[in-house]
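Read the structure below first, then the notes.
Computed from the coordinates by the stated procedures, all read-outs in this text should not be read as laboratory data. The structure displayed is predicted, hence computed values, not measured ones. Here Cβ is always computed from backbone atoms with ideal geometry, including for glycine, and neighbour counts include all displayed protein chains.
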There are 2 protein chains.
Amino acid sequence: MSERIAVPLSKSYLLLNHGPTVLVSSAHGEKRNVMAAAWNMALDFDPPKVAVVIDKSTLTRELVEASGEFVLNVPAREQAALTLAVGSESGRGIDKILKVGAATTAASRVGAPLIDGCLAWLECRVIPEPHIQKAYDLFLGEVLAAWADPAVFSNGRWHFPDDARRSIHYISGGSFFATGDEFTA
Amino acid sequence: MSERIAVPLSKSYLLLNHGPTVLVSSAHGEKRNVMAAAWNMALDFDPPKVAVVIDKSTLTRELVEASGEFVLNVPAREQAALTLAVGSESGRGIDKILKVGAATTAASRVGAPLIDGCLAWLECRVIPEPHIQKAYDLFLGEVLAAWADPAVFSNGRWHFPDDARRSIHYISGGSFFATGDEFTA
């Protein structure tokens with residue numbers, strides 16, 4: 001289990017505001033899965049909402065539509081290989097979470113698991129918008145609970161202790177940018 | 001005028017994939033405006049689409065709804081003060097672009113201007129989805145043309161020559177993260 005503290009819902013947009021790539025975890029019945037998603041963003045402050053693209057071809061899509069729930073996990077640089085692995089193969093016919101060796105912790109408000117070792121987690125309930133789900137693979141969610149590793153985010157601020165615990169931004173072809181220096185304009 | 005080269009439409013998602021904060025420029029009739037938007041993402045590869053949140057209270061919202069067009073400009077770290085300035089005040093009753101001293105260049109496919117000195121530009125036509133525009137302030141756009149400064153992006157790859165020309169990721173309270181080191185998982 002990762003160490004984690006609750007993030008007030010009104011501050012949960014800060015976990016996505018800088019545009020990190022996330023892992024989308026899901027579960028329904030006996031099945032569970034995780035995939036990577038560079039295409040995500042905050043959508044509202046309070047009550048907090050998020051948007052994420054989940055392709056029709058994925059097992060995640062099936063599980064999210066069936067359960068009406070998902071978790072956005074914000075992975076660390078030390079999880080980049082894991083992020084790439086879960087972004088590269090389908091979860092059909094296997095337990096991808098098990099295959100990539102990820103440990104999980106039960107979420108508080110949804111059935112989808114929290115991926116251990118991440119920097120932050122947003123537990124979400126799908127806001128049903130069937131037209132945009134079908135036409136654009138676009139899913140909206142209300143954030144029901146949010147958590148962060150207090151070593152990297154507390155009191156509404158990111159403070160990465162070292163490069164291994166920075167968030168990451170997928171580019172393409174297996175490459176990422178690490179989140180860089182903080183500065184004030 | 002900024003130096004710029006065309007980015008093939010099928011590669012334009014790479015300009016947003018790593019989650020940078022953008023400037024949304026718009027124009028209608030005699031009015032034009034620009035605002036900052038951390039809440040943006042790519043939505044599809046080809047034909048390329050984007051999603052961006054544009055609050056109801058903004059002049060940008062009026063101009064985008066009236067014209068059906070916008071440009072996503074990807075600003076550089078050296079434009080962080082500009083990004084903060086255009087994100088902090090309304091364009092109502094003033095020409096905000098003029099006030100912040102930004103030079104512009106005419107776009108090729110839309111009436112909204114390109115903000116000079118940025119790293120990249122995506123010219124977009126709104127995909128009308130009145131329900132999600134009204135309910136979530138969420139706008140979808142098809143990318144009609146894309147451009148980049150060849151010193152920072154060419155042949156489908158980012159290659160920042162120095163820290164001043166890195167892209168940026170808004171945090172809150174006037175602070176940003178610079179886009180950091182590229183690495184392979």
Requested in this report: May I ask you to compute the full-extension gain from B:LYS134 to B:ALA164, defined as 0.36 nm times their residue separation minus their alpha-carbon distance, rounded to one decimal in nm?
Outcome: 7.1 nm
Requested in this report: Please compute the net charge surrounding B:HIS28, taking Lys and Arg as +1 and Asp and Glu as -1 over other residues with Cβ under 13 Å from its Cβ.
Outcome: -1
Requested in this report: Might you report the magnitude of the Cβ-based charge dipole of the protein assembly as shown about its Cα centre, with Lys and Arg at +1 and Asp and Glu at -1, to the nearest 20 debye?
Outcome: 280
Query raised in the report: Using a basic spin-label model with each label point 7 Å from the Cα along Cα→Cβ, how many nm lie between B:ASN155 and B:PHE45?
Result: 2.1
Requested in this report: Would you mind computing, in nm to one decimal, how far apart the modelled labels at A:ALA185 and B:ASP116 are, each placed 7 Å from Cα along Cα→Cβ?
Outcome: 1.9
Report summary line: If labels are modelled 7 Å from Cα along the Cβ direction, A:GLY68 lies from its partners in the other copies at nm distances, smallest first, of 3.6
**Report entry** Teacher prompt: B:ARG92 distances to equivalent labels in other copies, 7 Å Cα→Cβ, nm
**Finding:** 5.2
Report summary line: Quick calc, region A:5-178, dipole around Cα centre from Cβ unit charges on Lys, Arg (+) and Asp, Glu (-), nearest 20 debye, gives 80
Query raised in the report: What is the calculated FRET efficiency for B:GLU142 to A:ASP95, with r their C-beta to C-beta distance and R₀ = 35 Å, to the nearest 0.05?
Result: 0.40
Query raised in the report: Which FRET efficiency value, to the nearest 0.05, is calculated for A:LYS56 and B:ALA66 with the Förster distance at 41 angstrom and r the Cβ-Cβ distance?
Result: 0.75
Query raised in the report: Sorted from shortest, what are the nm distances separating the label point of A:ALA135 from equivalent points in the other copies, each placed 7 Å from Cα along Cα to C-beta?
Result: 1.2
Query - Residues A:ARG109 and B:THR105, FRET efficiency given R0 of 51 Å [Cβ-Cβ distance, rounded to 0.05] - result: 0.60
Requested in this report: Step through the table entries B:LYS56/B:LYS99; A:LYS49/B:LYS31; A:LYS134/B:LYS49; A:LYS31/B:LYS134; A:LYS99/A:LYS134, compare each Cα-Cα distance with 24 Å, and write down the pairs that go over it.
Outcome: A:LYS49/B:LYS31; A:LYS31/B:LYS134; A:LYS99/A:LYS134
Report task. Under 14 Å from the Cβ of A:GLU142, count the other residues' Cβ atoms, weight Lys and Arg +1, Asp and Glu -1, and hand me the total. Result -> -2
